[in-house]
Amino acid sequence: MDVVWEDAHRSTYSGERLRWACPCAECRGEAGAPGRLSRVKNLAPEELRLQDVSLIGQYALQIAFQSGHATGLYTFSLLRRLCACEECAADRKSDLGPGPP
Amino acid sequence: MTLPSPEQVLGVLSHIQDPDLGRDVVSLGMIKELEVSPQGKVSFTFELTTPACPVRDRFKSQAQDLVGDIPGVTAVEVRMTANVRPAFMRPKPSEILPGVKQTIAVASGKGGVGKSTVAVNLAAALRKAGAEVGLLDADIYGPSVPAMIGSHAVPEQVNGRLQPIDAHGLKVMSFGLIYPGEQPTIYRGPMVGKAIEAMMVQVDWGRLDYLVIDLPPGTGDASLTLAQAIPLTGVAIVCTPQDVATDIAVKALQMFRKLNVTPLGLIENMSWYVCSNCGHRHEIFSHGGAESAAKRLGVPFLGAIPLEEGIREDADAGTPVVISRPESAGAQAFTHIASQVAARTSIQSFRQLPVINVR
């Protein structure tokens, strides 16, 4: 998935990167319980392939994977933080240590 | 005498700056159909981004003066038109509001501050300026728009799609039209979202320059679902001047910021009252609260509306005050605010929106 932002910055995301960053409660955990992504080491290939992307309001994307998992709403600010380009990766290193896996 | 070239004409016109967009009108593409006749008559179309443009008259006279001063020009004809540009990201272009160019939400956080009155008059003022305008009453629990526009016509269905009703030249849809009378709508949150989506997807809005959306109060389930379901150009926040109202308006504004909906600015309603007996100006709910809150938050202050019996009477009688008493202070305040809102939404239409591609 490619996003060209308002400031013309371009970000490219692999399905794998997006899947491991899924912000939904099932994947991240809730109320102190660990989420699925902290329990599993591997995900099946169909979990990592994008099926569909839809816009939520003007602030987020809902990303559906081929496995049927579609509960994550990826806010634009999260997506921008996930940008994998060298420039953004370098910024992250200097800020807060490593970004999401 | 030599004739001026089109380039020469565009050259002088490029000295006109759009104060809101911060660029000159030529590079913004506002000058169209430029012609120079063999007799030295220059004619062109000046296409604004909104018919409610606050600097419309100034642009016209500036254009006439600048072109008229070019040697060889014998006459100048400026045709002022407007073409509202679309300004929001659409989830699925074919489904959601396909013919609507701009969506303006009117919200408040707090109830009872005159949100619906502002929404109805804002819509009516934009219509009077010459725009095609729709009004969506998104307050499922307390729809007030039908009473304020004086219509209880039942929307018709054509080919399975609901037709908005026509009132004062506005296309209107409200839950109060679908379920009229004293029957309450008793819905849980998710149902509200579905109802709102239906009013966008199943209603035949046609081609609109502006769809004004009267949102319910609150920053909870209803507003959140609305902000997710409706693609919004921006939101205008209404409040009354006293602290208890501005504090809640600020919360509403911050909620919309979190949802990436651009705040178009704050509107102060019930700002002052002029006594019809003594002529003295009373500031019943204090004054200037919205303006100072806007300054603090770094958003535009769009204007203040007086507390007038006429506004209330005309709302109860079903005619927006901008139509029934255009010369009143209240109507003029609404008209001023409408042009400010139109200017702010025009700025949004020049924003570069994110482009998302899935490979």
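For the reader, a short list of remarks on this structure follows.
- Over the stretch B:6-82, relative contact order from alpha-carbon pairs under 8 Å, at least 6 apart, %: 31
- A Förster radius of 30 Å combined with the Cβ-Cβ distance from A:Val40 to B:Val201 puts the calculated FRET efficiency at roughly 0.20.
- Cα-based convex hull, the stretch B:100-349, per residue volume (Å³, whole number): 117
- Within 10 Å of each Cβ in B:256-263, the average number of Cβ atoms from other chains: 3
- Per-peptide average of other Cβ atoms within 10 Å, ordering A:77-84, B:188-195, B:284-291, B:107-114 highest first: B:107-114, B:284-291, A:77-84, B:188-195
- Residue ranges B:264-270, B:120-126, B:13-19 sort as B:120-126, B:264-270, B:13-19 when ordered by packing (mean number of other C-beta atoms within 10 Å per residue, highest first).
- Helical runs (DSSP H, four residues minimum) scored at -39500 (n - 2.57) apiece and divided by the length of chain B put the mean residue ellipticity at 222 nm at -10500 deg cm²/dmol.
- Look at the alpha carbon pairs under 8 Å that are at least 6 residues apart: their mean separation over the length of the stretch A:2-94 gives a relative contact order of 23 percent.
- Counted by Cβ distance under 13 Å from A:Arg28, the other residues give a net charge of +1, where Lys and Arg count +1 and Asp and Glu count -1.
- Under a model in which nothing but the beta-carbon of Lys, Arg (+1) and Asp, Glu (-1) is charged, the stretch B:187-281 shows a dipole of about 140 debye around its Cα centre.
- Accessible area that becomes buried as A packs against B, both chains, 1.4 Å probe, Å², nearest 100: 1700
- Probe 1.4 Å, all protein chains present, accessible-area order of B:Asp221, B:Asp209, largest first: B:Asp221, B:Asp209
- Here the label points at A:Ala33 and B:Thr81, each 7 Å from Cα along the C-beta direction, are separated by 6.2 nm in the simple model.
- Working from Cα pairs under 8 Å separated by at least six residues, relative contact order for chain B is 19 percent.
- Estimated translational D of the protein assembly as shown in µm²/s (Stokes, Kirkwood radius over Cα pairs; 4 °C; 1.567 mPa s): 53
- About its Cα centre, the stretch B:57-169 has a charge dipole of approximately 280 debye under the convention of +1 per Lys or Arg Cβ and -1 per Asp or Glu Cβ, with nothing else charged.
- Pairs spanning more than 28 Å between alpha-carbon atoms, out of B:Lys115/B:Lys295; B:Lys60/B:Lys128; B:Lys128/B:Lys194; B:Lys101/B:Lys128; B:Lys110/B:Lys258; B:Lys115/B:Lys258: B:Lys128/B:Lys194.
- Three-way shape call for the stretch B:195-337 based on the alpha-carbon gyration tensor, with the a/c threshold at 1.5: oblate
- Dipole check for the protein assembly as shown: with +1 at the C-beta of Lys and Arg, -1 at the C-beta of Asp and Glu, and the Cα centre as origin, the magnitude is about 1220 Debye.
- Simple rule: put +1 on each Lys or Arg Cβ and -1 on each Asp or Glu Cβ in the protein assembly as shown, find the dipole, and look at B:Ser328, B:Val76, B:Thr240; the Cα lying farthest toward the positive end is B:Thr240.
- Net charge over other residues, Cβ less than 13 angstrom from the Cβ of B:Tyr179 (K, R count +1; D, E count -1): -3
- Peptide A:47-60 shows a mean partner chain C-beta count of 5 within 10 Å per residue C-beta.
- Mean per-residue shielding of peptide A:72-81 is 1, counting Cβ atoms of other chains within 10 Å of each Cβ.
- Projecting the Cα atoms of A:Tyr13, A:Cys85, A:Ser67 onto the charge dipole of chain A (Cβ charges, centred on the Cα centre) puts A:Ser67 farthest toward the positive pole.
- Whether the stretch B:169-208 is rounded, prolate or oblate, judged on the alpha carbon gyration tensor where a/c under 1.5 counts as rounded: oblate
- Under-5 Å amide H pairs with B:Val100, H placed in peptide plane, nonlocal only: B:Leu208
- Positive-end ranking of B:Gly318, B:Pro86, B:Thr117 along the dipole of the protein assembly as shown, with charges on Cβ about the Cα centre, is headed by B:Pro86.
The values are calculated or read from the model by the stated rules, or taken from the named source; none is laboratory data. Predicted, not measured: the structure shown is a model, and the values here were computed from it. Ideal geometry is used to build each Cβ from the backbone, glycine not excepted, and the neighbour counts take in all protein chains shown. The area values use the complete protein model at the heavy-atom level, side chains included, leaving out ligands, DNA and RNA. Shrake-Rupley method; radii C 1.70, N 1.55, O 1.52, S 1.80 Å.
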